[in-house]
Amino acid sequence: MDFKEYIESHREEIHSGIMRYLPVREPKEYYEMLRDYPNRQGKYVRPSLLLLCGEMFGAKISDIILPAAAMQLSEDWILMHDDVEDNSDTRRGKPALHKLYGAEQAINAGDAAHMAMWKMLCDYMKKKGLPKGSALFDKFYEVLSMTVEGQYMDIKFTQNIRRIGQASERMYYDIVSRKTSCYSIYGPMQLGAMAAGAGKETLGVLEEIGLHAGSAFQIIDDVLDMTANEKDFGKQKYGDLYEGKLTLIMLHAYDRAARAEKIKIDRIYKKERKDKTRDDIDFLAYVAEKYRSVDYAYGVAMKHGEKAQEALNKNMAMFPDNEFKGIFISAVSALFVRKK
């Protein structure tokens, strides 16, 4: 079994765990809206990494399905808010929630899902007792705190700075290390390992692997935004350009652009999403192609992937020799060797 198969083998358990905390009652329209993103189901990478690391270090699925479901629900409510903040058009191949119900209702639904997530974790803590339950609760809080720090930096660029020339690779990686590496990769890994009783040394190794795997994952996501088929990717093509996101691709292109091109790039980035024309987006894509910036970013992603693999290889003895070890090895490469 590889990681993709592992995800699918536990998808229904995770989804069912979420639905138990989002019951349908009156007013039905509200609860149907609240269930919309959870029912669309994402890639389930985060909860599956949590389950996988938990099983690898000796936990039973029945003991860790609740924090895994909470991990997935955290993605759902964050996206409800993110899509409003970014004014995204689509999510998981369908119109974004605020496009269907309005921004106010989408934010409210996100708040409700947020509350349900903490209720799940509170119930887990009651079940496991102290100190194990509280340690996992605290780690979950730490992971989400890092995530919102990254979101602050992201929004600061897209809403306030809005000029590639005032950004840097360091700023890009500060955002990625929080929003992707911590939240999407090593945070879930650590949560699963902690639930199984793993110690600090193990958590440190998972962070080392996850920092590089997360960078690779995010850069490939940026590449796919520029190159993937919309139907396969589940998001609008060039969504990052419309939203004015800071990407390694545009940093590279801007650094090599002629003065007149830099001025035009900054002028486009200064525009609100609604004011950007197709010609604006085509120009940004043209500059990225002209300076082979997508190829550059892909190469950087592969280097981070190699570093993640190196960190895994040098610490291989730390991982138990069981059926889940091989799946975990496949998971590390699956994070950046992907097409959607």
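Worth a mention:
- Residue check, Ile14 more than 16 Å from the chain's Cα centre (by Cα) and assigned to a helix (DSSP H, G or I): yes
- Residue check, Ala311 assigned to a helix (DSSP H, G or I), closer than 23 Å to Met153 by Cβ, within 25 Å of the chain's Cα centre (by Cα) and at pLDDT 95 or above: no
- All positions within region 81-94 that are within 16 Å of the chain's Cα centre (by Cα), outside any helix (DSSP H, G or I) and charged (D, E, K, R): Arg91, Arg92
- Residue in region 4-27 that is free of Cβ contacts under 8 Å to residues at least 12 places away in the same chain, under 14 Å from Ala109 (Cβ atoms) and surrounded by fewer than 16 Cβ atoms within 10 Å (Cβ to Cβ) present: yes
For (1) part of a loop (DSSP other than H, G, I, E, B); (2) within 20 Å of the chain's Cα centre (by Cα); (3) crowded, with 23+ Cβ neighbours inside 10 Å; (4) among the basic types (Lys, Arg), each residue gets a yes or a no:
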{"site": "Leu50", "(1), (2), (3), (4)": "no, yes, yes, no"}
{"site": "Asp63", "(1), (2), (3), (4)": "no, no, no, no"}
{"site": "Gln72", "(1), (2), (3), (4)": "no, yes, yes, no"}
{"site": "Asp76", "(1), (2), (3), (4)": "no, yes, yes, no"}
{"site": "Leu79", "(1), (2), (3), (4)": "no, yes, no, no"}
{"site": "Lys99", "(1), (2), (3), (4)": "no, no, no, yes"}
{"site": "Asp111", "(1), (2), (3), (4)": "no, yes, no, no"}
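- Selection status of Glu55, more than 17 Å from the chain's Cα centre (by Cα), surrounded by fewer than 20 Cβ atoms within 10 Å (Cβ to Cβ) and either in a helix (DSSP H, G or I) or of a type in the set (A, V, I, L, M, F, W, C) (or both): no
Here is a yes/no grid of residues against (1) of a type outside the set (Val, Ile, Thr); (2) out of contact with any strand residue (DSSP E or B) (no Cβ under 8 Å at 6 or more places or on another chain); (3) exposed (fewer than 14 other Cβ atoms within 10 Å of the Cβ):
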residue: Arg267; (1), (2), (3): yes, yes, yes
residue: Lys274; (1), (2), (3): yes, yes, yes
residue: Leu284; (1), (2), (3): yes, yes, no
residue: Val287; (1), (2), (3): no, yes, no
residue: Glu306; (1), (2), (3): yes, yes, yes
residue: Glu310; (1), (2), (3): yes, yes, yes
residue: Phe319; (1), (2), (3): yes, yes, no
residue: Phe328; (1), (2), (3): yes, yes, no
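- Filter result for Ala253 (under 26 Å from Lys179 (Cβ atoms), aliphatic (A, V, I, L, M) and buried (at least 20 other Cβ atoms within 10 Å of the Cβ)): yes
- Taking first residues from region 301-326 that are among the hydrophobic types (A, V, I, L, M, F, W, C) and partners that are part of a loop (DSSP other than H, G, I, E, B), the Cβ contacts under 8 Å between residues at least 6 apart in sequence or on separate chains come to Ala301/Phe336; Met302/Phe336; Ala308/Leu335; Ala308/Phe336.
- Scanning region 151-181 for residues that are surrounded by fewer than 20 Cβ atoms within 10 Å (Cβ to Cβ), part of a helix (DSSP H, G or I) and either out of contact with any Gly (no Cβ under 7 Å at 6 or more places or on another chain) or among the charged types (D, E, K, R) (or both) yields a total of 15.
- Failed criterion for Ala198 (all others in (1) touching a helix residue (DSSP H, G or I) at 6+ places or on another chain (Cβ under 6 Å); (2) buried (at least 22 other Cβ atoms within 10 Å of the Cβ) hold): (1)
- Restricting the first member to region 33-51 and to residues that are under 23 Å from Met194 (Cβ atoms) and touching a residue at least 12 places away in the same chain (Cβ under 8 Å), and the second to residues that are among the basic types (Lys, Arg) and assigned to a helix (DSSP H, G or I), the beta-carbon pairs closer than 6 Å and six or more apart or on different chains are Tyr44/Arg11.
- Qualifying helices (runs of 4 or more DSSP H) (wholly inside region 207-293; at least 1 residues being at pLDDT 95 or above and β-branched (Val, Ile, Thr)): 248-256, 259-270, 278-290
- Lys132 being within 29 Å of Ala308 (Cβ to Cβ) and at pLDDT below 95: yes
- Every condition in (1) farther than 18 Å from Ser48 by Cβ; (2) touching an Asp or Glu at 6+ places or on another chain (Cβ under 7 Å) holds for Tyr186 except the one numbered (1).
- Qualifying residue in region 177-189 (condition: closer than 30 Å to Ala257 by Cβ and basic (Lys, Arg)): yes
- Some residue of region 182-194 being free of Cβ contacts under 8 Å to residues at least 12 places away in the same chain and either crowded, with 16+ Cβ neighbours inside 10 Å or on the phi > 0 side of the Ramachandran plot (or both): no
The values are calculated or read from the model by the stated rules, or taken from the named source; none is laboratory data. Please read these numbers as outputs of a predicted model, since none were measured by experiment. Quick reminder, even Gly has a Cβ in these numbers, built from the backbone with ideal geometry, and neighbours come from all protein chains shown.
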